[in-house]
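Novice: Right, I'll just put the structure down here and ask away after.
Every number in this text was worked out from the coordinates using simple rules, so none of it is lab data. Every value quoted in this text rests on a predicted model; they were computed, and no experiment measured them. Cβ sites come from the backbone with ideal geometry, for glycine too, and all protein chains shown count toward neighbours.
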C-alpha cells in the first residue's frame, strides 16, 4: 500500500450503539473521539453517552483504531498534525497513542514521527494499537520518515513501537524492503498487532517490496506476518509468496488464540494454497502457528464480485469469526444491499460453521447501498460485537450518506441487537465506526471517525479533537 496523506477533515471516535447526530455545517470541524458504554452483556442497545473532548485548534486529529490493556485502560491510535496534549509535533503528521482509564480520565499521550515538514517525507500514521499481559503498549502503522535513529528500509515502512504502561518508549522498529525511491516497489504498511503470553509480538501488514527479509514478492501487494521478541528482535517473517505479476494479496486484521495460533484476514485476486478464486477478489483467512508454519487457508467469494475480509476475532473455544464486505449471494445467503457485511464462523480447523449477511435493503440510484463490517471482538460466550459503516439514502435506520453502526450477534449468528434504528438523521455527513472494545466491568467502547460535528462535542476546543465518553445500556429488549 502506498502512502496517501489524508487531506479531508475527520472526527475519530469510540462509540457503541450511540445516536450520532451530524450537521452539514460542521463538515469542516473534524477530530477524534471515544465513547464508552457499560452493560454490554445485556440484550438491548445503549442510550446517550457522556463525552470528554480534547483537541488542537485548527489541526486534524484522526483516529483509526482502539484497544484495551488487561487492566481496563483504553488505547487509541491514529495521526495528528498538531501538538496534541502538549506533545510537540515531530514531523508534518505524527502518529499518536493515547491512553485513558475506564472512567475516561486521560493517562498519557505520545507522538511518534520525524522528517521535514513535508507530507512526502514527514508523515507517520498509526493504524493499530495493542497491549500485552503486563500492560505494555504496541503501535503500528506507516511512516515515510526515519524514526528514533531507525533508517527506512524502503520508500515507506511499517513501524512497530513499544511503550511501557506509563508511556515510556522502550524501542522502535522499522519494517520494510525494496526500493527506497519507488513507492510502487518499496511501500510497507502495518495493519494488525497481537501479543502472546510470553510477550512476543506479531505484526501483520502489506508490502509491495520485491525483496522482504529473505522473502520474494513477484506480484504487486503481498501480505506479511512477522514475529518479534519482547526486546524488539525479529524472530521470523512470512509472506504469501505471491508469484503472479499484476496480482495482489493484502491483509486486514490479526488475532491470536489461547494456543498462540495466529489468524489473519484480507483479500486476494489469485488462487491461493490450492484454494480456487471464486470472484474478482475473494476474502482470505489464513492460520499460522507461533513458529510461522502455515496451518490452513480459506478463500470466500462470489462469482464476478468483490469480497474482502476486514477483521477477525476468536472465542475461548478457538472458533474464529471473520467479518468483511461482499456483493452477491455469499454461501447461499440472499443479498440485502448492493454491498453487505458478512460474518463467517469457522472452527479452529478451518471448517465453516455458518455465514450471515447483514445490510441495508434500500438502494438509491444516486448513492450506493453499502454496509461494511470494519472491526469485531468476541466475548467469553462467543457473542460477536461488530462496528462498521453504512451508506445510502432513505435507508431503514438513517438517511445519511454514510453513518456508523454497532451490532451484536450470538454464537449461532443470530442478531441480538444493533443501533441501526437509533441513529439520528444527518445531511451529507460521514461517520465510520471501526473497532469495538469490550472493557472491564461491562464497559463497551468503539473507535472510529466522522466528518461531522457531533451533537455532544464542544467545538470550542478545536476543529479537530480527541473524544472519550461512557454510556449505559437500556433495559428494553431490541426487537
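Novice: Report the label-to-label distance for residue 133 and residue 334 in nanometres (one decimal), using points 7 Å from each Cα along the Cα→Cβ vector.
Specialist: 4.8 nm
Novice: So, in nm, how far is label residue 273 from label residue 318 when the simple model puts each one 7 Å beyond its Cα toward the Cβ?
Specialist: 1.5 nm
Novice: Hey, another quick one. Suppose the chain between residue 353 and residue 381 were pulled fully straight at 0.36 nm per residue; how much longer would it get relative to their current alpha carbon spacing?
Specialist: Length gained between residue 353 and residue 381: 8.5 nm.
Novice: Quick check: pseudo-label points 7 Å beyond the Cα along Cα→Cβ at residue 441 and residue 164, how many nm apart are they?
Specialist: Taking the two extended label points, one gets 2.6 nm.
Novice: Still on this structure: Semi-axes of the equivalent ellipsoid for segment 67-170, please: Cα gyration tensor eigenvalues, times 5, square-rooted, ordered largest first, whole Å.
Specialist: 24, 15, 10
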